[in-house]
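Asks: Here it is, the structure in full.
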């Protein structure tokens, strides 16, 4: 039996309206959103005291338009159901502490370890809300600082190379000569060498392809400061990658500091000063080799959820759905 064109169009209209109205009905009636016990304060804070555990993570994440929220999660739940402990609007330590103190003090005193980044506000939150917990600064944030320092030096040389190329082109234009840029043995011009070296500087040398090895050899011959910066970044990565004890890591870190002093590179001197301020919390990584990977994974899930919804239109409803997924047992 054939379906007429009119019937087909009618069905399309029906299903389109049905999908649109169902989404609205889910929020208004089916989801239980309006009966939610945390609805009144949802856009300011959420709290799930029953999800607290011995090993926590604290980090910040953006919901929409760069607006930051502080998330506290239970690392032992591996970003699954019951992993969300608290969500607080903003990153102001006093606001987050006020919410976390609503959790029974006896339960907060049982927290043994909290992973975090280099933020001073996060350190204060942990020290006040979970005073008996050991603070562990995530090693990936430390390594990122070193990688950023290497890239900063590379980018500075890149701008100089582009300026030099522009001046050479202008000179050729003035003299009526054709511009033929200098090329290295691998075919790269100087700006191309610096642009194309970006990714190899993030990797260990043993993971370079043959072309990257050739490019790195030229780069390091032309720019000894990039070679030195890469060496400092790589040696720091090796310190964290070795399965060693805390005292041995302390000695390795001290030797790394000496290398930084000898290099006289301002970018790495700033990193060394940052390390000095967070020394013990960085070295606490070697107690259990804990990282903030759980918090990063949780942030990634929020970003994916936000992307699937094409952004956050209703902040309270978005947080309600996050709470349903990670705050309550299914």
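The values are calculated or read from the model by the stated rules, or taken from the named source; none is laboratory data. Bear in mind that the values here come from a model prediction, so they are computed numbers and not experimental data. No Cβ is skipped: glycine too gets one built from the backbone with ideal geometry, and neighbour counts run over all protein chains shown.
Asks: Of all residues in region 142-162 being crowded, with 19+ Cβ neighbours inside 10 Å and under 14 Å from residue 275 (Cβ atoms), which is nearest to the chain's Cα centre (by Cα)?
Replies: Within region 142-162, the match that is nearest to the chain's Cα centre (by Cα) is 142.
Asks: Can I ask one more? Report whether or not residue 83 is within 14 Å of residue 57 (Cα to Cα), touching a strand residue (DSSP E or B) at 6+ places or on another chain (Cβ under 8 Å) and either without any contact (Cβ under 8 Å) to a residue 40 or more places away in the chain or surrounded by fewer than 19 Cβ atoms within 10 Å (Cβ to Cβ) (or both).
Replies: Criteria not met by residue 83.
Asks: Do we have any residue at all in region 40-61 that's modelled with pLDDT of 80 or more, more than 31 Å from the chain's Cα centre (by Cα) and either surrounded by 11 or more Cβ atoms within 10 Å (Cβ to Cβ) or within 30 Å of residue 111 (Cα to Cα) (or both)?
Replies: no
Asks: A further question on this structure: Give the residue, chosen from 105, 81, 113, that is over 19 Å from residue 319 (Cα atoms) and touching a helix residue (DSSP H, G or I) at 6+ places or on another chain (Cβ under 8 Å).
Replies: 113
Asks: Being over 22 Å from residue 66 (Cβ atoms) and assigned to a strand (DSSP E or B) is the filter here, so list the residues in region 83-123 that pass it.
Replies: 85, 113, 114, 115
Asks: Still on this structure, please answer the following. Please return the ranges of helices (runs of 4 or more DSSP H) entirely within region 235-330 where 3 or more residues are without any contact (Cβ under 8 Å) to a residue 12 or more places away in the chain.
Replies: 246-263, 266-277, 293-308
Asks: When residue 50 is evaluated against the numbered criteria (1) closer than 17 Å to residue 129 by Cα; (2) in a strand (DSSP E or B), which criterion, by number, is the only one it fails?
Replies: With respect to (1) closer than 17 Å to residue 129 by Cα; (2) in a strand (DSSP E or B), residue 50 is out only on (2).
Asks: Next question. Does any residue of region 159-174 turn out to be part of a helix (DSSP H, G or I) and within 14 Å of residue 218 (Cα to Cα)?
Replies: Checked against the condition, which is being part of a helix (DSSP H, G or I) and within 14 Å of residue 218 (Cα to Cα), region 159-174 yields no hits at all.
Asks: Does region 175-192 hold any residues that are part of a loop (DSSP other than H, G, I, E, B), touching a residue at least 12 places away in the same chain (Cβ under 8 Å) and either over 35 Å from the mean Cα position of the chain (by Cα) or over 24 Å from residue 234 (Cβ atoms) (or both), and which are they?
Replies: Correct list: 181, 184, 185.
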